[in-house]
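Where a number appears in this text, it was derived from the coordinates with a stated rule and is not lab data. If you're wondering where the values come from, they're calculated on a predicted model, not measured in any experiment. Reconstructed Cβ throughout: ideal geometry from the backbone, glycine too, with neighbour counts over all protein chains shown.
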Amino acid sequence: NAGVMQNPRHLVRRRGQEARLRCSPMKGHSHVYWYRQLPEEGLKFMVYLQKENIIDESGMPKERFSAEFPKEGPSILRIQQVVRGDSAAYFCASSPEGSPRYGYTFGSGTRLTVV
Amino acid sequence: DAKTTQPTSMDCAEGRAANLPCNHSTISGNEYVYWYRQIHSQGPQYIIHGLKNNETNEMASLIITEDRKSSTLILPHATLRDTAVYYCIVISNTGFQKLVFGTGTRLLVSP
């Protein structure tokens with residue numbers, strides 16, 4: 001049973017380009033969460049999605065960032081027109097239900113570098 | 001969510017028990033204590049959680065004081081691979097809860 005799969009592991013983008021980060025949750029998990037960890041800082045919640053629905057996006061920057069979790073396929077975190085300040089590690093987590101009762105399982109992250 | 005306080009860093013010799021404390025004096029009756037850790041360059045890993053009784057699993061033990069205002073995570077036989085940042089998080093167990101990761105405790109296990 002594979003864990004949470006994130007790809008790519010490393011992504012380099014030039015300023016102004018788009019970044020697409022993918023997350024496949026654990027089998028049987030339909031709840032996905034995205035967190036961001038800026039260099040030398042703690043992890044910060046970004047967005048919580050269920051299949052085809054955004055449940056809580058209170059941590060998402062107001063512009064350039066969007067997330068989706070389609071009926072089929074992985075969850076996608078999309079960053080348009082990237083800037084240097086977007087350089088960070090982006091972690092995805094999944095759970096079987098929308099509560100922490102069974103713990104959240106995190107992926108290994110995508111490290112985005114904007115040059 | 002209740003605020004937690006943890007020491008910034010701790011050292012432990014390999015093979016010895018690592019005892020990581022956490023203060024959560026404002027915890028409310030329906031809030032659980034969760035522990036996660038983050039090994040360098042990896043995603044956070046769930047370790048254990050509890051409400052008021054002591055808990056044990058294959059990774060660690062969790063001791064919660066009777067008044068629930070503090071707890072201790074115990075790694076009974078620390079190995080070099082246990083070197084990580086350990087986060088104590090207090091949250092309700094029902095409904096969606098954002099994990100709020102503070103600064104945690106940086107545990108260094110040395111040979």
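A compact table of results
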{"read-out": "Peptides A:67-78, A:94-105 ordered by average Cβ neighbours within 10 Å, highest first", "value": "A:94-105, A:67-78"}
{"read-out": "Loop-located trypsin sites (Lys or Arg not before Pro) in segment B:14-97 whose Cβ has at most 16 other Cβ within 10 Å (DSSP)", "value": "B:Arg16, B:Lys52, B:Lys69"}
{"read-out": "Förster radius 25 Å - calculated FRET efficiency between B:Gln42 and A:Glu41 (Cβ-Cβ, nearest 0.05)", "value": "0.95"}
{"read-out": "DSSP-assigned coil residues among GluC sites (Glu not before Pro) in segment B:32-87, each with at most 11 further Cβ atoms within 10 Å", "value": "B:Glu58, B:Glu66"}
{"read-out": "Under the Debye formula (equal points on every Cα, no solvent term), log10 I(q)/I(0) of chain A at q = 0.19 Å⁻¹", "value": "-0.95"}
{"read-out": "Point-to-point label distance, A:Glu97-B:Thr79, nm (Cα→Cβ direction, 7 Å offset)", "value": "3.3"}
{"read-out": "Relative packing of peptides A:12-20, A:48-56 - highest average C-beta neighbours within 10 Å first", "value": "A:48-56, A:12-20"}
{"read-out": "Simple spin-label estimate for B:Thr26 and B:Asn57 in nanometres, 7 Å along Cα-Cβ", "value": "2.8"}
{"read-out": "Top positive-direction residue, dipole computed over chain A with Cβ charges, set A:Ser87, A:Tyr104, A:Met60", "value": "A:Ser87"}
{"read-out": "Kirkwood-Stokes translational diffusion coefficient of the protein assembly as shown, alpha-carbon pairs, 10 °C, 1.306 mPa s, µm²/s", "value": "87"}
{"read-out": "Nitroxide proxy distance, nm - points 7 Å out along Cα→Cβ at B:Thr72 and A:Ile54", "value": "4.6"}
{"read-out": "Magnitude of the charge dipole, the protein assembly as shown, Cβ model with Lys/Arg +1 and Asp/Glu -1, debye to 20", "value": "740"}
{"read-out": "For segment A:70-115, convex hull of alpha carbons as volume per residue, Å³", "value": "107"}
